[in-house]
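Visitor: Okay, here's the structure, questions in a sec.
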Amino acid sequence: MSVTVDLSTPEGIALALDVVRVSDVVADNFSPGVMQRLGLGYDRLRRVRPDIIVIASSSCGSDGPESRSVGYAPTFSALAGWGHLMGFPDMPPAESGRNTDLRVGAASAFALLAALNYRASTGRGQSIDLSAREALTCSIGDMLLESQMTGRTPMRQANRTPGLAPHGVYRCKGEDAWVTIAVGSDEEWAALCAATGHPDWRDDSRFLDVYERCRHQDELDSLMAEWTLPHTPAEASDLLQKVGVAAMPCLSNRDLLQDRHLRFRGSFSDIEHSQLGPITVMGAPWKFSDTPVRTPAPSPLVGQHTGWALADLLGRRPEEIARLTEANILY
């Protein structure tokens with residue numbers, strides 16, 4: 001739900017504290033120190049509700065030499081070590097964009113579940129200091145370990161990955177059409193050679209085993225691209241899937257909405273938005289055996305539930321709500 005309150009006013013802060021009294025969690029995405037300056041720091045909030053759980057998600061955490069640094073998704077991934085690993089070897093580091101924010105949000109949800117579980121068993125709340133850059137660095141632990149063990153700094157590898165070859169995305173017949181192919185063993189490589197009509201590839205000294213294939217990936221990628229180009233992504237992936245080789249079309253957003261497998265699983269829901277009208281949205285990626293997931297509701301409009309929250313949640317009278325609205329404390 002969406003409630004809008006002017007937190008620069010004493011009455012707005014008082015309303016926020018009233019909401020905290022009936023809440024389980026307070027989450028903020030401000031720079032460190034903002035909540036304290038507003039009078040909504042953890043010490044103040046737990047006086048209002050002793051078992052409150054507070055999570056503050058910021059670029060670099062609440063302490064340390066870079067705690068006051070301003071950050072957005074590209075800076076998170078750069079500081080986390082992601083950017084240096086993403087992209088092509090002969091190109092600058094890439095930034096991950098929205099994916100960064102989603103991963104930080106998932107890490108925040110995980111942390112909150114742990115704190116809620118702790119409170120359920122002890123009755124005690126707590127504060128959580130979450131650093132976006134650290135949440136992302138957690139996902140490249142294998143690269144950190146490799147660097148320590150070998151003394152080498154892992155570099156950008158484009159679509160390749162160590163120990164698998166071929167491993168990449170190849171152009172197909174059609175406008176901006178691509179297929180992704182990954183071969184994980186010599187047995188899969190033999191199956192690919194047979195399915196593509198090129199049994200001679202299997203006996204080529206450059207491709208005899210995964211070590212040689214990884215050494216000669218440029219030549220291998222060229223051959224793969226020649227084979228995929230006359231085929232549509234669906235044709236190429238079907239041929240390879242039939243012999244046990246991992247291959248799938250690279251789907252666009254439009255392709256996803258029309259995908260027969262996702263439609264069969266009920267992955268999308270058609271909902272009615274108050275301003276946009278009928279729209280299709282992605283549902284939950286899991287299916288529980290005993291508690292079916294509800295159809296998602298549209299995201300609220302800004303301030304859509306302010307009146308409800310003041311009247312039903314906090315018990316404020318209509319004339320008080322009208323006065324606060326007139327004073328632009330509610331909007």
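Visitor: Sort out for me the Cα centre separation of region 57-118 from region 257-331, rounded to whole Å.
Guide: Comparing the Cα centres of region 57-118 and region 257-331, I get a distance of 27 Å.
Visitor: Could you give P(r) for region 1-79, binned at 10 Å from zero, as whole percent values over all Cα-Cα pairs?
Guide: Whole-percent P(r) values from 0 Å outward: 17, 45, 28, 10, 0.
Visitor: Once every Cα of the chain carries one equal point scatterer and solvent is ignored, give the base-10 log of I(q)/I(0) from the Debye formula at q = 0.13 Å⁻¹, two decimals.
Guide: -1.18
Visitor: What FRET efficiency would be calculated for the residue pair V25, L251, taking the C-beta separation as r and a Förster radius of 45 Å, to the nearest 0.05?
Guide: The calculated FRET efficiency here is 0.80.
Visitor: Ordered by packing density, taken as the mean number of other Cβ atoms within 10 Å over each peptide's residues, highest first, how do 322-328, 31-37 rank?
Guide: Going by the mean number of other Cβ atoms within 10 Å, highest first, we get 31-37, 322-328.
Visitor: How big is the C-alpha Rg of region 73-135 next to the rule-of-thumb value 2.2 N^0.38 Å, as a ratio?
Guide: Relative to the 2.2 N^0.38 Å estimate, region 73-135 comes out at 1.49.
Visitor: Okay, next question. For the chain, report the accessible area per residue in Å² (1.4 Å probe, heavy atoms, rounded to an integer).
Guide: Per-residue accessible area for the chain comes out at 62 Å².
Visitor: What is the list of residues in region 236-253 whose amide nitrogen lies under 19 Å from a point 7 angstrom out from the Cα of D259, following Cα to Cβ?
Guide: So the set is 236-242, 245-253.
Visitor: Another question about this same structure. Would you please state which residues of region 182-205 a label at E235 would reach in this model, taking the label point 7 Å out along Cα→Cβ and a backbone N cut-off of under 19 Å?
Guide: The answer is 192-199.
Visitor: Once label points are set 7 Å from the Cα along Cα→Cβ at both S299 and S69, what is their separation, rounded to one decimal in nm?
Guide: About 2.7 nm, to one decimal.
Visitor: Where both residues lie in the chain, what percent of DSSP beta bridges are antiparallel, nearest 5?
Guide: Antiparallel bridges make up about 65 percent of those DSSP assigns within the chain.
Visitor: P(r) for region 171-239: what percent of alpha-carbon pairs falls in each 10 Å bin, starting at zero?
Guide: That works out to 20, 55, 23, 2, in percent per bin.
Visitor: I need the calculated FRET efficiency for the pair E146 and Y331, taking r as the beta carbon distance and R₀ as 51 Å, to the nearest 0.05.
Guide: 0.45
Visitor: Percent relative contact order of the chain, based on C-alpha pairs within less than 8 angstrom and at least six residues apart?
Guide: Once normalised by length, the contact order is 17 percent.
Visitor: If you roll a 1.4 angstrom probe over the protein chains with everything in place, what fraction of the accessible area of region 1-105 belongs to carbon and sulfur, to the nearest %?
Guide: Carbon and sulfur: 57 percent of the exposed surface of region 1-105.
Visitor: By accessible area of protein heavy atoms, probe 1.4 Å, what ranking do L310, L301 get, highest first?
Guide: Working: L310 5, L301 55 Å².
Result, largest first: L301, L310.
Visitor: Determine, from the Cβ-Cβ distance of Q275 and R37 and an R0 of 41 Å, the FRET efficiency 1/(1 + (r/R0)^6), rounded to the nearest 0.05. Provide the component values of the computation, followed by the final result.
Guide: On the way: r = 34 Å, r/R0 = 0.84.
Using R0 = 41 Å, I get an efficiency of 0.75.
Visitor: Moving on to the next point. For region 215-331, calculate the relative contact order in percent as a whole number, restricting contacts to Cα pairs under 8 Å that are 6 or more residues apart. Spell out each step's value before the answer.
Guide: Values: 66 pairs, mean separation 12.8, N = 117.
The value is 11 percent.
Visitor: How would I181, I128 line up by accessible area, probe 1.4 Å, largest first?
Guide: Values: I181 0, I128 30 Å².
From most accessible down to least: I128, I181.
Visitor: Roughly how many Å² of T4 are accessible to a 1.4 Å probe, to the nearest 10?
Guide: Near enough 20 Å² of accessible area.
The values are calculated or read from the model by the stated rules, or taken from the named source; none is laboratory data. Everything quoted here is computed from the prediction, not taken from an experiment. Ideal geometry is used to build each Cβ from the backbone, glycine not excepted, and the neighbour counts take in all protein chains shown. The area values use the complete protein model at the heavy-atom level, side chains included, leaving out ligands, DNA and RNA. Shrake-Rupley method; radii C 1.70, N 1.55, O 1.52, S 1.80 Å.
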